[in-house]
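See structure below.
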Amino acid sequence: MTVVWTSIWLIALAIPAGALVYLAVDDPEAVVGNLSQRFANPVEAVAMVVFLVPLLALIMGPGAIFHLPFMCWPLAVLCLTYTVRALRPSYAGEKLSFTTYQARGESIGPPTVGDLALSLQPVRSTRFTNAVMRFYIAGWSLDGPMFKAMLPVGAAWSFLVPVVVPGFDPTLRAVCLVVAVVLTLVSLVLGVRAFRGRFFPA
């Protein structure tokens, strides 16, 4: 199970990066020509900025960049923890993990008929497993401040397209890179604040 969840986590990490690589190597001339044509028309340019960038921010930020990876790596770490515990005599004869359930709409994931099972939670808690469980909860459950915090990095992904796809004007690529870095840093700061506010309230 550790190998399975680690593999899923690596796939989740590859989604946003892989999409950029695909755009850069599949047919970069078509990407450049298509975007250049759209931005040449003021109406289409405004439509892309107003509609496309926010849509990508919603999909890539909270979804692909935050929730998908954070749904996977805590489970991989917990599985590895249980593997180690299973080899220790002090854990013999007891359950290592348990499952709780959340109602539909309270957790991230595909639509379910009934409640969503949140498995692999530790029976015996330690400071280490408590720390991992905070990220587990952050990944699997919705949180308004964290959702908002991840929107800038989602928008940053769209600004990276002209950076990685060859053929764009060097000045445009430099500007987009700066914007992407700034937006990513904004998400990092807001994300840390949201995480602390949720799990370490004053």
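Among the residues of the range 27-41, none qualifies, meaning not one is among the hydrophobic types (A, V, I, L, M, F, W, C), within 27 Å of G191 (Cβ to Cβ), touching a residue at least 12 places away in the same chain (Cβ under 8 Å) and part of a helix (DSSP H, G or I). Taking the criterion of being open to solvent by less than 40 Å² (accessible area, probe 1.4 Å), aliphatic (A, V, I, L, M) and without any contact (Cβ under 8 Å) to a residue 40 or more places away in the chain, the residues of the range 113-150 that qualify are L116, L118, A131.
Say whether the condition of being over 17 Å from the mean Cα position of the chain (by Cα), closer than 20 Å to V84 by Cβ and open to solvent by less than 20 Å² (accessible area, probe 1.4 Å) is met by at least one residue in the range 151-172. Checked the range 151-172: no residue is over 17 Å from the mean Cα position of the chain (by Cα), closer than 20 Å to V84 by Cβ and open to solvent by less than 20 Å² (accessible area, probe 1.4 Å).
Scanning the range 131-148 for residues that are farther than 14 Å from C79 by Cα and in a helix (DSSP H, G or I) yields A131, R134, F135, I137, A138, G139, W140, G144, P145, M146, F147, K148. Of all the numbered requirements in (1) in contact with a helix residue (DSSP H, G or I) (Cβ under 6 Å, 6 or more places away or on another chain); (2) surrounded by 15 or more Cβ atoms within 10 Å (Cβ to Cβ), E44 misses one, and that requirement is (2). Of all residues in the range 150-202, those that are part of a helix (DSSP H, G or I) and aromatic (F, W, Y) total 4.
Is it true that C79 is within 17 Å of the chain's Cα centre (by Cα) and not small (G, A, S)? No: the conditions fail for C79. Among the criteria (1) open to solvent by 60 Å² or more (accessible area, probe 1.4 Å); (2) over 23 Å from F39 (Cα atoms); (3) not small (G, A, S), the one V175 does not fulfil is (2).
Hey, can you tell me all the residues within the range 49-77 that are touching a Leu at 6+ places or on another chain (Cβ under 8 Å), open to solvent by less than 50 Å² (accessible area, probe 1.4 Å) and over 16 Å from L10 (Cα atoms)? A57, G61, P62, listed by residue number.
Among A64, A24, which is in contact (Cβ under 8 Å) with a residue 40 or more places away in the chain and more than 30 Å from Q121 (Cβ to Cβ)? Exactly one residue qualifies, and that residue is A24.
The values are calculated or read from the model by the stated rules, or taken from the named source; none is laboratory data. Every value quoted in this text rests on a predicted model; they were computed, and no experiment measured them. Note that we place each Cβ from the backbone using ideal geometry, even for glycine, and neighbour counts take in every protein chain shown. Quick note on the areas: whole protein, heavy atoms, side chains included, nothing else; ligands and nucleic acids left out. Shrake-Rupley method; radii C 1.70, N 1.55, O 1.52, S 1.80 Å.
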